[in-house]
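Engineer: The structure under discussion is supplied below as structure tokens; questions concerning it will follow.
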Amino acid sequence: MVFYFLSGVVNPSYTIYMGKDKYENEDLIKYGWPEDVSCGQTVLCTRVPEDAEGRTIGDIPKEVLVDCAQLVKNNSIQGCKMNNINVVYTPWANLKKTGEMDVGQIGLLSTERVVNPSYTIYMGKDKYENEDLIKYGWPEDVWFHVDKLSSAHVYLRMPKGRTIGDIPKEVLVDCAQLVKNNSIQGCKMNNINVVYTPWANLKKTGEMDVGQIGFFRQKEVKLVAVEKKINEIVNRLEKTKEERHPDLAAERESRDQEERNEKKAQLQEQKKREKDEAKSKKEMDELRNYTSLMTSDNMTTNEAGYDSDDFM
């Protein structure tokens with residue numbers, strides 16, 4: 001049995017489909033169309049409309065992408081209960097199936113474009129440039145280095161609000177492969193370890209050599225094992241490589257100024273909200289006081305008084 005859904009939020013609409021279980025997913029893997037895009041481990045696919053022929057994975061409308069991601073999340077036993085998850089998606093032609101894989105299990109021929117949105121990875125050209133990276137890093141940055149060997153200092157810039165524990169597995173592998181490839185000794189070795197930690201945990205003291213660092217808290221240092229170099233990943237990353245000469249100090253100041261502006265706006269909004277709440281409370285108190293004055297006990301009558309119209 002195959003379930004079909006229609007993403008009708010755009011025109012033309014897109015067909016989304018998925019198998020009932022891992023056995024039916026085997027046929028979806030085997031008989032998918034070149035126009036299909038696979039999302040997540042549920043092998044949920046979206047099919048490009050016939051009159052949209054020639055479109056690629058990069059042309060998927062945002063609304064359809066959200067529909068697919070929500071459907072994948074909702075059909076994940078663990079994922080449906082979690083927040084801040086990532087959904088991978090790739091062209092059907094990029095799905096890899098080998099004999100040793102379990103029923104319904106798939107791999108990827110290439111890991112390009114499997115994470116959305118993409119992450120920025122950067123590193124200095126030498127140990128002198130690493131000094132500036134250490135000095136002007138951002139609180140959102142995560143630092144990578146080959147454990148116990150000389151290597152490049154690689155930084156991953158996380159989206160605001162995300163932490164080191166939120167790094168997608170695919171991005172973690174990219175960073176580890178890039179560090180390994182930029183280590184004179186590490187690039188020739190198998191089964192090495194790569195350490196990574198938040199930028200804020202990097203410690204630099206006066207007696208340290210250029211480019212050398214330590215850690216404030218060892219417990220915040222994580223480790224990922226790298227079995228071997230994966231040329232496909234390294235080559236893909238190298239194709240995206242750009243050499244820039246940024247003003248790191250200015251970029252950090254701009255980032256901090258933006259954060260200060262955001263906090264200022266939040267504080268102003270909070271003060272406005274508190275002022276509105278105080279005004280509303282005062283009005284309610286005045287209304288209650290007025291209502292109490294209008295009770296029968298506080299009201300008077302002129303029945304025993306002068307009610308004649310004759311004044312003389």
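Engineer: Does residue 268 satisfy being assigned to a helix (DSSP H, G or I), polar (S, T, N, Q) and open to solvent by 100 Å² or more (accessible area, probe 1.4 Å)? Step through it out loud before you land on a result.
Structural biologist: On the way: assigned to a helix (DSSP H, G or I): yes; polar (S, T, N, Q): yes; open to solvent by 100 Å² or more (accessible area, probe 1.4 Å): yes.
When the stated conditions are applied, residue 268 passes them.
Engineer: Sticking with this structure for a sec: Could you tell me which numbered condition residue 180 fails, if it satisfies all but one of (1) of a type outside the set (S, T, N, Q); (2) touching a helix residue (DSSP H, G or I) at 6+ places or on another chain (Cβ under 6 Å); (3) part of a helix (DSSP H, G or I); (4) open to solvent by 20 Å² or more (accessible area, probe 1.4 Å)?
Structural biologist: Of the numbered conditions (1) of a type outside the set (S, T, N, Q); (2) touching a helix residue (DSSP H, G or I) at 6+ places or on another chain (Cβ under 6 Å); (3) part of a helix (DSSP H, G or I); (4) open to solvent by 20 Å² or more (accessible area, probe 1.4 Å), the odd one out for residue 180 is (4).
Engineer: Further, regarding this structure: Can you confirm whether residue 156 is open to solvent by less than 10 Å² (accessible area, probe 1.4 Å), touching a helix residue (DSSP H, G or I) at 6+ places or on another chain (Cβ under 9 Å), under 30 Å from residue 250 (Cα atoms) and in contact (Cβ under 8 Å) with a residue 12 or more places away in the chain?
Structural biologist: Values: open to solvent by less than 10 Å² (accessible area, probe 1.4 Å): yes; touching a helix residue (DSSP H, G or I) at 6+ places or on another chain (Cβ under 9 Å): yes; under 30 Å from residue 250 (Cα atoms): yes; in contact (Cβ under 8 Å) with a residue 12 or more places away in the chain: yes.
For residue 156, the condition - open to solvent by less than 10 Å² (accessible area, probe 1.4 Å), touching a helix residue (DSSP H, G or I) at 6+ places or on another chain (Cβ under 9 Å), under 30 Å from residue 250 (Cα atoms) and in contact (Cβ under 8 Å) with a residue 12 or more places away in the chain - is met.
Engineer: Can you tell which of 238, 251, 243, 286 is in a helix (DSSP H, G or I), modelled with pLDDT under 90, of a type in the set (Asp, Glu) and under 30 Å from residue 181 (Cβ atoms)? Please lay out each step first, then the result.
Structural biologist: Numbers: 251 fails: modelled with pLDDT under 90; 243 fails: in a helix (DSSP H, G or I); 286 fails: under 30 Å from residue 181 (Cβ atoms).
Going through 238, 251, 243, 286 in turn, just one is in a helix (DSSP H, G or I), modelled with pLDDT under 90, of a type in the set (Asp, Glu) and under 30 Å from residue 181 (Cβ atoms): 238.
Engineer: Can you tell which of 103, 115 is exposed (fewer than 15 other Cβ atoms within 10 Å of the Cβ), of a type in the set (A, V, I, L, M) and either modelled with pLDDT of 85 or more or part of a loop (DSSP other than H, G, I, E, B) (or both)?
Structural biologist: Details: 115 fails: exposed (fewer than 15 other Cβ atoms within 10 Å of the Cβ).
Only one candidate qualifies: 103.
Engineer: All but one of (1) open to solvent by less than 100 Å² (accessible area, probe 1.4 Å); (2) out of contact with any Lys or Arg (no Cβ under 8 Å at 6 or more places or on another chain) hold for residue 281; which doesn't?
Structural biologist: (1)
Engineer: If the Cβ limit is 9 Å and pairs must be 6+ apart or interchain, which residue in region 18-41 that is acidic (Asp, Glu) pairs with which residue that is open to solvent by 100 Å² or more (accessible area, probe 1.4 Å)?
Structural biologist: If the second residue must be open to solvent by 100 Å² or more (accessible area, probe 1.4 Å), the pairs left are 21/1; 24/1; 35/50; 35/53; 35/55.
Engineer: Restricting to region 189-233, name every residue that is farther than 20 Å from residue 141 by Cβ, assigned to a strand (DSSP E or B) and open to solvent by 40 Å² or more (accessible area, probe 1.4 Å).
Structural biologist: Matches in region 189-233: 193, 225.
Engineer: Within region 246-259, is there a residue that is in contact (Cβ under 8 Å) with a residue 40 or more places away in the chain, open to solvent by less than 50 Å² (accessible area, probe 1.4 Å), more than 24 Å from residue 169 (Cα to Cα) and within 22 Å of the chain's Cα centre (by Cα)?
Structural biologist: Pass one, region 246-259, residues in contact (Cβ under 8 Å) with a residue 40 or more places away in the chain: 248-249, 251-252, 255.
Narrowing further to those that are open to solvent by less than 50 Å² (accessible area, probe 1.4 Å): 248-249, 252, 255.
Subset that is more than 24 Å from residue 169 (Cα to Cα): 248-249, 252, 255.
Restricting the remaining residues to those that are within 22 Å of the chain's Cα centre (by Cα) gives 252, 255.
Looking through region 246-259, at least one residue is in contact (Cβ under 8 Å) with a residue 40 or more places away in the chain, open to solvent by less than 50 Å² (accessible area, probe 1.4 Å), more than 24 Å from residue 169 (Cα to Cα) and within 22 Å of the chain's Cα centre (by Cα).
Engineer: Here's something else I'd like to know. Taking into account only those residues within region 12-38 that are touching a Cys at 6+ places or on another chain (Cβ under 7 Å) and small (Gly, Ala, Ser), which is nearest to residue 76 (Cα to Cα)?
Structural biologist: The qualifying residue nearest to residue 76 (Cα to Cα) is 38.
Engineer: Output the residues belonging to region 52-90 that are outside any helix (DSSP H, G or I) and open to solvent by 50 Å² or more (accessible area, probe 1.4 Å). Walk me through it before giving the result.
Structural biologist: In the first step, residues of region 52-90 are kept if they are outside any helix (DSSP H, G or I); the result is 53-56, 60-61, 75-78, 82-90.
The answer is 53, 54, 55, 56, 75, 77, 78, 82, 83, 84, 85, 86.
The values are calculated or read from the model by the stated rules, or taken from the named source; none is laboratory data. Here the structure is a predicted model, which is why all the values come from computation and not from measurement. No Cβ is skipped: glycine too gets one built from the backbone with ideal geometry, and neighbour counts run over all protein chains shown. Keep in mind that these areas ignore ligands, DNA and RNA; they rest on the heavy atoms of the full protein, side chains included. Shrake-Rupley method; radii C 1.70, N 1.55, O 1.52, S 1.80 Å.
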